[in-house]
Amino acid sequence: MTTTTDPPFIAVESLCKSFGDTLVLQNVSFGMKQGDLVSIIGASGCGKSTLLRCLNFLEVPDSGKISIGGIALSRSGPEQPFDQEMEALANTLRSTVGMVFQNLNLFPHKTVLENITLAPMVVKRASRNRAEAEAMALLEKVGLQDFAKRYPMNLSGGQAQRAAIARALAMAPQVMLYDEPTSALDPALVDEVLQVMHDLDREGMTQIVVTHEMRFARSASDYIIFMEAGQIIEISDADELFQNPRDERTRQFLKHFPR
Amino acid sequence: MWRIQPAWRKPLRCFGIKPEALLTAFVALAALISSVPRATSAEPAPLTWGADATSGAPYVFDNPANPALVIGFETDIIEAVARRLHRPSRFVQNRWDNLIPGLERGLYDVAIDGIEITPEHQAVVDFSIPYYTTFEQLVVRKETPGVTTLDDLAGLKVGTLKATLAQRILDKAGTMKVFTYDEQLNVYADLQNGRLDAVLLDAPIALYYATPYPDLRFVGDPIALIRYGIAVPKGRTDLLSQIDAALADIRDSGELRGILERWKLWNPLMAAELNDSRPSHAQPTEFNAFMAATALKLGWRAVLERYLGFLPLIGRGALITLGLSILSMALAIALGLLLALARVYAPRPFSSLAAGYIEVMRGTPLLIQILFVYYGLPNIGLKLDPFVAGVLALGFNYAAYEAENYRAGLQAVPRGQMEAAIALNLTRVQSLRYVIVPQAIRIVLPTMTNDFISLLKDSSLVSVITMVELTQTYLQLSTTYYDYFGTGLMVAAVYLVMGLPFVRLARWTERRFEVDMHPGGARRRGAVPFLRKGITP
């Protein structure tokens, strides 16, 4: 949990979201500093993915406030229309956030290089030369410089996920969100993806990871959020959560994972 | 009279190049076609006359010796009329069934094509004084004994053409088995080969189409009385009286008799009517020329020459078919894509509107849509050129099928693709343009090729709105020459040749896209050289 007196870089306050009659997020609040890596864990259906998707407005929250880097968007309730003004604000917020999905969401009709240059060229109107130079630098960073001309079908799952990270980084986000980035991968390919996230952490990237990789969560996270039934049950330092969970529900959940 | 009905094919679906480019081309072409300058010179406006050149000899038909010319005894008569009105004449092709609606719609000044002066017809159009009187002729095989009247036909198989006076007469008698045909050629062929025992049809048809069969015999007295007149729109009394005066002059000057004798149509009824019992002296030159040109047995050289003579006509028909199909397909693609996007991505009122459009267009016959656009829309002040009407009707119809095809394609693209694009800060429109639609196109391409090929064939339906495209050209040629076989093969080959490039193009793009998205699959097909080249920057 943030203990500094500075305003947190990311602040989520009283976020609520329901799908029909199902309440998916109930009054979720947390904050994080710039450069933190936070893992969100919890059983499937606990709302952790929805929380992540709310952070870049792939889901529109019913109520609550999200602020990232000083830009804030709040909504009083589902009755308040998500109007154009809010839409524009959401787009601004989204532009500070990169996202990597669980399913390999690379664009199959484009090469790895084109996957990465598309958004800079279309959204930021970067020149092809510049976009490609930056893309090549990013590919080198994730160890895929030799795969630029390949199509996604020709990549392993780990390579595809690293390319997806490079694609998100190409928009120069201040925050990276990962929605179970390794769940769809062969166990042998998990580490190469986690390594990239480790590297980014060292460079000071702010990252939020929804994951089932407890080993990674424990070793890499500055702190961990445990969720159940749409609520944050516990926010703790990584080691403390694993060794000394404060809440009985956290204890029950962690029982399933060998230390 | 007779009618020819091409077998309507069931409406089907379609192809993809850059929709914007094609749409632009379409708009430009449509503008070009509708802006063709109307005659503005000092020369008097031509007397336009509607007829169906596929309806056969001796009325109005393509000259067997030179298929680019329309001839017939009625062609001679109407040209004589135009000369007396000091106006040039211009022929307008229309299907026989539609001659009278076309007249009401103002497609031409008059219609002349064996149109009988009957109370039913007189209810909708005015008729000139009759220019020809004839009767129904009974024809049997030579060995058939004792048939001279309708009563002798009891229990026999009798053939005639659909929706003709002869059919009404036979149905009224009700004692024989009546078989109705679309095509006069087939009736006499079936009589010759024993499928029928007798045929009852207008005497001129019998003369031109039964005479070539050596085993057939004309029997009995004239049955019923048929008078042909020139049809004029109701209310055009000035035009009608001019035509009547011209016809009277043609009749009284002996020119009418001359025309009829050249076509071997001078008969006792006419002699009585014109009070002219002089023996016939002129040679039936036109009749003889027709018999010679259409003689069933021809040397291979003559046959070849004849087919070579067809080429310009078939080429013109093919161009119209191709132009019509490409433009309608372009329209169908552009509109179909809009409809599909509206259906899948647009908010409520728009998506329902798109769905409604698709249901209506798919649920009603293409033929009716074509007729509606051409003959129906003028009622609300929208008069379209036949080509434009054809493109619009075909395009609007196929757009519905394309929309459904594209909708399936769009929905086959995983939802995550849209989310990934949005997460990269692309707008919804950008996501569609760069991510979703390019993937959907790869999915829908094979179906689009199919659709284009069926559109190529469905475009023959526009023959109902006076367009002489490839199928109509086939009908005109085959009815003129009694030759469904050779002409059919030629026309079929042209359709095939027109479709092939698109099939090949589609195969190529398909393979190329497959290489892009699934290189493993391409290697299995041994298309490796394509692989490197196929990658686009």
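The values are calculated or read from the model by the stated rules, or taken from the named source; none is laboratory data. Computed from a predicted structure; not experimentally measured. Cβ placement follows ideal geometry from the backbone for every residue including glycine, while neighbour counts extend to all protein chains displayed.
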Across the range A:204-228, what is the total count of residues that are surrounded by 15 or more Cβ atoms within 10 Å (Cβ to Cβ) and more than 23 Å from residue A:184 (Cβ to Cβ)?
4
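Kindly check whether there is at least one residue in the range B:385-406 that is assigned by TED's automatic domain parsing to the domain that holds residue B:442 and modelled with pLDDT under 90. Outline the logic, then answer.
Here is the first cut: in the range B:385-406, the residues assigned by TED's automatic domain parsing to the domain that holds residue B:442 are B:385-406.
Right, trim to modelled with pLDDT under 90 and you get B:385-386.
Yes: one or more hits.
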Hey, can you tell me all the residues within the range A:77-125 that are surrounded by 21 or more Cβ atoms within 10 Å (Cβ to Cβ) and among the acidic types (Asp, Glu)?
A:114
Residue, farthest from the other protein chains (Cβ to nearest Cβ), within the range A:99-134, restricted to residues that are assigned to a helix (DSSP H, G or I) and small (Gly, Ala, Ser):
A:133
Restricting attention to the range B:441-472, which residues are surrounded by 24 or more Cβ atoms within 10 Å (Cβ to Cβ) and within 14 Å of chain A (Cβ to nearest Cβ)?
B:444
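Going through the range A:168-178 one residue at a time, which ones are assigned to a strand (DSSP E or B) and either at the interface with chain B (Cβ under 10 Å from one of its Cβ atoms) or over 19 Å from residue A:54 (Cα atoms) (or both)? Break it down stepwise before answering.
To start, the set of residues in the range A:168-178 that are assigned to a strand (DSSP E or B) comprises A:175-178.
Listed by number, the list holds a single entry, A:177.
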Just checking, which of A:118, A:104, A:139 is of a type in the set (A, V, I, L, M) and at pLDDT below 90?
A:104
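Quick check on this structure: which one of B:410, B:382 is crowded, with 21+ Cβ neighbours inside 10 Å and at pLDDT below 90? Outline the logic, then answer.
Numbers: B:382 fails: crowded, with 21+ Cβ neighbours inside 10 Å.
Only one candidate qualifies: B:410.
Yes or no, residue by residue, for (1) away from chain A (no Cβ under 14 Å); (2) of a type in the set (Gly, Ala, Ser); (3) surrounded by fewer than 24 Cβ atoms within 10 Å (Cβ to Cβ):
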position	(1), (2), (3)
B:378	yes, no, yes
B:392	yes, no, yes
B:428	no, no, yes
B:438	no, no, yes
B:474	yes, no, no
Just checking: which of the strands (runs of 3 or more DSSP E) contained wholly in the range A:1-80 hold 1 or more residues that are closer than 14 Å to residue A:97 by Cβ and touching a helix residue (DSSP H, G or I) at 6+ places or on another chain (Cβ under 7 Å)?
A:63-68, A:71-75
Helices (runs of 4 or more DSSP H) contained in the range B:417-515 and holding at least 3 residues at pLDDT 80 or above and within 27 Å of residue B:92 (Cα to Cα)
B:437-458, B:470-481
Of the numbered conditions (1) β-branched (Val, Ile, Thr); (2) modelled with pLDDT under 90; (3) under 28 Å from residue B:274 (Cβ atoms), residue B:144 satisfies every one except a single condition; which is it?
(3)
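Filter the range A:140-157 down to the residues that are more than 8 Å from every other protein chain (Cβ to nearest Cβ) and surrounded by fewer than 22 Cβ atoms within 10 Å (Cβ to Cβ) and list them by number. Don't jump to the end; show me each part of the working.
To start, the set of residues in the range A:140-157 that are more than 8 Å from every other protein chain (Cβ to nearest Cβ) comprises A:140-148, A:150, A:152, A:155-157.
A:140, A:141, A:143, A:145, A:146, A:147, A:148, A:150, A:152, A:155, A:156, A:157, listed by residue number.
Between B:82, B:68, which is crowded, with 21+ Cβ neighbours inside 10 Å, touching a Pro at 6+ places or on another chain (Cβ under 9 Å) and aliphatic (A, V, I, L, M)?
Details: B:68 fails: crowded, with 21+ Cβ neighbours inside 10 Å.
Every option except B:82 fails the conditions.
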Check the range B:95-103 and report whether any residue there is of a type in the set (Lys, Arg) and surrounded by fewer than 17 Cβ atoms within 10 Å (Cβ to Cβ).
no
Kindly indicate whether any position in the range A:180-190 is within 16 Å of residue A:39 (Cβ to Cβ) and not in a loop (DSSP other than H, G, I, E, B).
yes
Name the pairs whose Cβ atoms lie under 9 Å apart, with the first residue in the range A:74-90 and on the phi < 0 side of the Ramachandran plot, the second in a helix (DSSP H, G or I), and 6 or more positions between them or separate chains?
A:75/A:86; A:80/A:86; A:82/A:90
Of the numbered conditions (1) surrounded by 22 or more Cβ atoms within 10 Å (Cβ to Cβ); (2) touching a Phe, Trp or Tyr at 6+ places or on another chain (Cβ under 7 Å), residue A:69 satisfies every one except a single condition; which is it?
(1)
